Protein chains: 2
Amino acid sequence: MRLSKRGEYGLRAMIMMAETPSPDAPLPMVQIKEIALREQISAKFLEQILLTLKNAGLLHSKMGVGGGYYLARPSKEITLGQIFRVLDGPVAPIKCVSQMAYEPCGCPDEQTCGLRLVMGDVRNAIADILDNTSLADVTKRQSTLRKKLGIKS
Amino acid sequence: MRLSKRGEYGLRAMIMMAETPSPDAPLPMVQIKEIALREQISAKFLEQILLTLKNAGLLHSKMGVGGGYYLARPSKEITLGQIFRVLDGPVAPIKCVSQMAYEPCGCPDEQTCGLRLVMGDVRNAIADILDNTSLADVTKRQSTLRKKLGIKS
DNA sequence: GAAAAGCCTAGTTGTATTATAGACTTTATT
DNA sequence: AATAAAGTCTATAATACAACTAGGCTTTTC
């Protein structure tokens with residue numbers, strides 16, 4: 001039940017972009033190499049991930065000198081579920097309970113298959129969390145926690 | 001976020017064994033080839049899986065003619081979480097929130113890492129379901145549903 | 001026109017999953 | 001005692017996928 005590195009890096013990058021305060025600049029842009037440096041990730045690998053996210057409509061970018069990436073929408077309108085699905089595919093642990101990519105799993109009677117019932121619950125529990133947590137929720141939670149712990153950042 | 005075939009087959013087999021009514025026999029024994037046939041699985045692959053489950057103490061077996069496998073404990077004392085962990089390892093999507101196999105994941109400040117916070121929630125949600133669902137719960141749920149749908153079996 | 005950024009696709013490497021094979025042990029039956 | 005039916009155990013093949021690496025292309029700014 002693992003999150004892939006693609007998923008992990010992509011989620012981290014998106015959270016970082018949501019965190020980046022937009023000072024004077026019209027757009028809070030962040031560059032691949034900056035993220036790669038801060039997260040200690042291969043820049044080339046991250047590049048692919050951000051490109052995927054961009055092609056999925058979650059990020060926008062600006063080419064050329066002074067360019068970079070920025071969130072396609074306000075951080076409260078982008079959920080972790082959206083990001084996760086783009087990078088790691090369906091949330092469901094087994095295809096026969098997937099909303100995104102249903103496929104029969106070959107049990108004799110799907111309607112009363114016990115495994116399917118339980119895995120359906122698991123799917124829903126995961127999706128509930130990921131689809132109801134926006135990037136804004138994450139950054140808010142982080143800063144609340146930092147304040148509580150008295151950490152400057 | 002996928003369940004492996006090992007995990008799927010193992011869980012199915014365990015559910016099937018819990019389902020098998022123990023008629024007169026002292027032990028409700030089931031044979032590899034019977035499970036393989038009913039679930040349309042490679043018998044050799046299933047063999048490895050059941051052996052793993054046996055070595056983990058979840059199954060007992062009897063060798064020789066008329067032998068087979070049976071649950072090591074009553075079905076209400078075996079949880080899906082136990083089975084899952086034996087076959088698929090930790091439930092946590094990311095190591096830094098694993099109870100079973102913690103490992104730092106390399107974020108600058110783990111204590112306030114947003115991804116970690118959310119993945120911790122996901123881990124807990126999954127573990128809550130799997131650790132609180134016993135094989136007996138599954139078979140009960142199946143039979144209730146069958147009755148409700150008027151399916152004989 | 002050169003440098004700095006992102007865009008895009010293909011290829012490589014390593015590892016885990018899935019499955020297969022086969023020789024061995026135990027038990028029941030005849 | 002011999003045979004057949006079952007599980008035990010280990011090795012290995014085949015495949016797939018994840019995680020990267022590489023390199024050329026395009027756009028933008030100065």
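Computed values, structure above
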{"read-out": "Estimated FRET transfer efficiency when R0 is 25 angstrom, pair B:A43-B:I151 (beta carbons, to 0.05)", "value": "0.35"}
{"read-out": "Orientation-averaged projected area, Cα convex hull of segment A:1-78 (nm²)", "value": "5.6 nm²"}
{"read-out": "Karplus-derived HN-Hα couplings along segment B:65-73 (A = 6.51, B = -1.76, C = 1.60, θ = phi - 60°), whole Hz, x at Gly and Pro", "value": "3, x, x, x, 10, 8, 4, 6, 9"}
{"read-out": "Förster-model FRET efficiency, 41 Å R0, B:E77 and A:S61, C-beta, rounded to 0.05", "value": "0.15"}
{"read-out": "Simple Cβ-charge dipole of chain B, Lys/Arg +1 and Asp/Glu -1, about Cα centre, in debye nearest 20", "value": "640 debye"}
{"read-out": "Integer Hz, Karplus 6.51/-1.76/1.60 couplings in order for segment A:138-151, x for Gly and Pro", "value": "5, 5, 5, 4, 4, 6, 4, 5, 4, 4, 4, 8, x, 9"}
{"read-out": "Å² of accessible area per residue within the protein assembly as shown, as computed with a 1.4 Å probe and no ligands counted", "value": "52 Å²"}
{"read-out": "Protein heavy-atom accessible area occluded, A/B pair - total, 1.4 Å probe, Å²", "value": "3800 Å²"}
{"read-out": "Label point 7 Å beyond Cα along the C-beta direction, distances from A:A43 to other copies (nm, shortest first)", "value": "5.9"}
{"read-out": "Most mobile listed residue (A:L58, A:L37, A:L130) in chain A, GNM with C-alpha springs under 10 Å", "value": "A:L37"}
{"read-out": "Modelled FRET efficiency - R0 30 Å, A:N124 with B:Y102, Cβ distances, 0.05 increments", "value": "0.65"}
{"read-out": "Set A:K5/A:K33; A:K62/A:K147; B:K76/B:K148; B:K44/B:K95; B:K5/B:K76 screened for pairs whose C-alpha atoms are more than 29 Å apart", "value": "A:K62/A:K147; B:K44/B:K95"}
{"read-out": "Total formal charge among the other residues, if their Cβ is under 9 angstrom from that of B:P104, Lys/Arg +1 and Asp/Glu -1", "value": "-1"}
{"read-out": "Under 23 Å from the Cα of A:K152 - lysines, other chains or at least 8 residues apart", "value": "A:K140"}
{"read-out": "Lys, Arg +1 and Asp, Glu -1 on Cβ, resulting dipole of the protein assembly as shown about Cα centre, debye, nearest 20", "value": "40 debye"}
{"read-out": "Principal axes of the protein assembly as shown: Cα extent on each, largest first, Å", "value": "80, 36, 33"}
{"read-out": "When the convex hull of its Cα atoms is projected in every direction, mean area for chain B (nm²)", "value": "11.1 nm²"}
{"read-out": "Contact order relative to length of chain A, as percent, for alpha carbon pairs under 8 angstrom and 6 or more apart", "value": "24 percent"}
{"read-out": "Selection from A:Q111, A:M100, A:L71 lying farthest towards where the dipole of segment A:30-153 points positive, charges on Cβ", "value": "A:L71"}
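The values are calculated or read from the model by the stated rules, or taken from the named source; none is laboratory data. Values in this document were obtained by computation on a predicted structure and should not be read as measured data. Neighbour counts are summed over all protein chains in view; Cβ atoms, including those assigned to glycine, are modelled from backbone coordinates with ideal geometry. Side chains are part of the model used for accessible areas, which takes the heavy atoms of the whole protein and leaves out ligands, DNA and RNA. Shrake-Rupley method; radii C 1.70, N 1.55, O 1.52, S 1.80 Å.
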